[in-house]
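Since the structure comes first, as structure tokens, the remarks are kept for the end.
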Amino acid sequence: MRWESAGEGEYTLENIERPARGTTVTLHLREGEDDLLESFRVRSIISKYSDHISLPVMMRKEGEGEEDAAASDELEAVNKASALWARSKNEISDEDYREFYKHVAHDFDETLAWAHNQVEGTQSYTTLLYVPKRAPFDLWDREQRHGVKLYVKRVYIMDDAEQLMPNYLRFVRGVVDSDDLPLNISREILQQNRQIDTIRAASVKRVLTMLEHMATDDKEKYAEFWNSFGNVLKEGPGEDFANKERIAKLLRFGSTHEESQGQDVALDDYVARMKEGQDKIYYLTGESRKAVANSPHLQVFRKQGIEVLLLWDRVDEWMMSFLNEYDGKQMESVAKGDLDLGELEDAEAKEKTEQAAKDYADLVAKMKDLLADKVKEVRVTHRLTDSPSCLVVEQHDMAMSMQKLLRQAGHSVPDVQPVLEINPEHPLVTGLNAESDEARFADWTHVLFDQAMLAEGGQLEDPAAFVARINDLLQRADAQTN
């Protein structure tokens, strides 16, 4: 039988006689497509799309010069005709896995870990997934497609099939080979395919399991992974609610415990060290490690020996808006809302603060009037031990570091007024309470606000005015001394 078509939706069938069994396919090229006659072009296409099918694809050998002209009638296999992932795991050595990673990921470096699984049942598919050692240069390029390669019955379908892996796991490399998907599947169909959803969910679980084993069995290797891909994994709590608890277990943070310099503290480590009666996990976000480690918000926590997690990456504030609790314990920012230490709070200190709030009520009201266009409220606090003042935002407001980041990126940010908290035991505050000179009182009030803003990494509306006030106050202090 002969089937013939011009590729325009119609075809003809005709019974013919053939001298031998088999099928012959004859393709006629359109004008301008002569490059498809080049041997190198044809070999490249076969190698890309049919390298792993079980049958060999044969082409005539290319002769080099007159001596090899006779070789042009000899045939050679162009494709490998084998797929490593289709073989049993018992037949594949670690070296084979590593070499295949370099081939599939186009990476000269070693892989950190891999997971090879063959699934049979209502669906039949194979996955071979790798975790790279180093981040690719285009990891943060949103226009660049990331993902794993999709095959159907060993036939290559597409590169970087992002529907098979969520965005927060875009560093994963490897292949997914399905026996059930159609060969003509497109990216649009992938977005609305239940089989793809099943494969994706199972693949995510395997990658998370792989990372969990690495974090438990090889902490040094996991630290290497975290340094390369930690910021990407932090996108997980906001993208994958179903696996949020598992992702949270994999996250690493800085901490005031032993003043760790890097991000090496897991939430389980923090929970294991929580003080008796502590029911919250405390954390602080900022622009840099030095900024958060030296923040005035930590003073009362250091005094009472309560550990605080330190976060200084750009994605952290966004991530914590989704990570509200862990292991049944609420996550609470030490720079938001009115500080409540619960059972950890010293009853005597709490009573002392309440009395100070009454004693300084007139001072607080006067400062609020002066800073009415800058702060939402002025109040006495017990979170400070060494600093005279600090700024906090309400519990559900955007952190000041996040506001600054969005402004720098050109986004419009709602006007959120912070709360100015003052330390009633600090000499500057007690001196301000006794100040009778209205001009000097106003200068000191603005200085306390401005220095609290600087401590938060914020920007002053009028830096020159701040400098002028400081110089004037220093001159007055020097005159009084002399």
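Matching residues to (1) part of a loop (DSSP other than H, G, I, E, B); (2) out of contact with any helix residue (DSSP H, G or I) (no Cβ under 7 Å at 6 or more places or on another chain); (3) without any contact (Cβ under 8 Å) to a residue 60 or more places away in the chain:
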residue	(1), (2), (3)
Lys366	no, yes, no
Ser401	no, no, no
Ser412	yes, yes, yes
Pro424	yes, no, no
Thr430	no, yes, yes
Phe441	no, no, no
Phe449	no, yes, no
Filter segment 238-280 for residues that are part of a strand (DSSP E or B) and either in contact with a Phe, Trp or Tyr (Cβ under 6 Å, 6 or more places away or on another chain) or more than 25 Å from Pro166 (Cβ to Cβ) (or both) and give the result. Gly254, Ser255, Val265, Lys280
Of the residues in segment 295-326, how many are outside any loop (DSSP other than H, G, I, E, B) and not polar (S, T, N, Q)? 17
Determine whether segment 190-199 contains at least one residue that is over 25 Å from Phe100 (Cα atoms) and among the hydrophobic types (A, V, I, L, M, F, W, C). yes
Check off (1) surrounded by fewer than 19 Cβ atoms within 10 Å (Cβ to Cβ); (2) in contact (Cβ under 8 Å) with a residue 12 or more places away in the chain; (3) within 18 Å of Glu394 (Cβ to Cβ) for Gln304 and give me the number that stays unchecked. (3)
Of (1) surrounded by 16 or more Cβ atoms within 10 Å (Cβ to Cβ); (2) in contact with a strand residue (DSSP E or B) (Cβ under 9 Å, 6 or more places away or on another chain); (3) in contact (Cβ under 8 Å) with a residue 60 or more places away in the chain, Pro166 fails just (2)
From the set of residues in segment 333-343 that are outside any loop (DSSP other than H, G, I, E, B) and surrounded by 19 or more Cβ atoms within 10 Å (Cβ to Cβ), which is farthest from the chain's Cα centre (by Cα)? Lys336
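Listed here are the residues, each with its yes/no results for (1) surrounded by fewer than 12 Cβ atoms within 10 Å (Cβ to Cβ); (2) outside any loop (DSSP other than H, G, I, E, B); (3) assigned by TED's automatic domain parsing to the domain that holds Val419; (4) among the basic types (Lys, Arg).
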| site | (1), (2), (3), (4) |
| --- | --- |
| Leu363 | no, yes, yes, no |
| Asp369 | yes, yes, yes, no |
| Lys374 | no, no, yes, yes |
| Val378 | no, yes, yes, no |
| Leu384 | no, no, yes, no |
| Ser387 | no, no, yes, no |
| Cys390 | no, yes, yes, no |
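The values are calculated or read from the model by the stated rules, or taken from the named source; none is laboratory data. None of these values were measured; they are calculated from a predicted model. Note: ideal-geometry Cβ built from the backbone for every residue, glycine included; neighbour counts use all protein chains shown.
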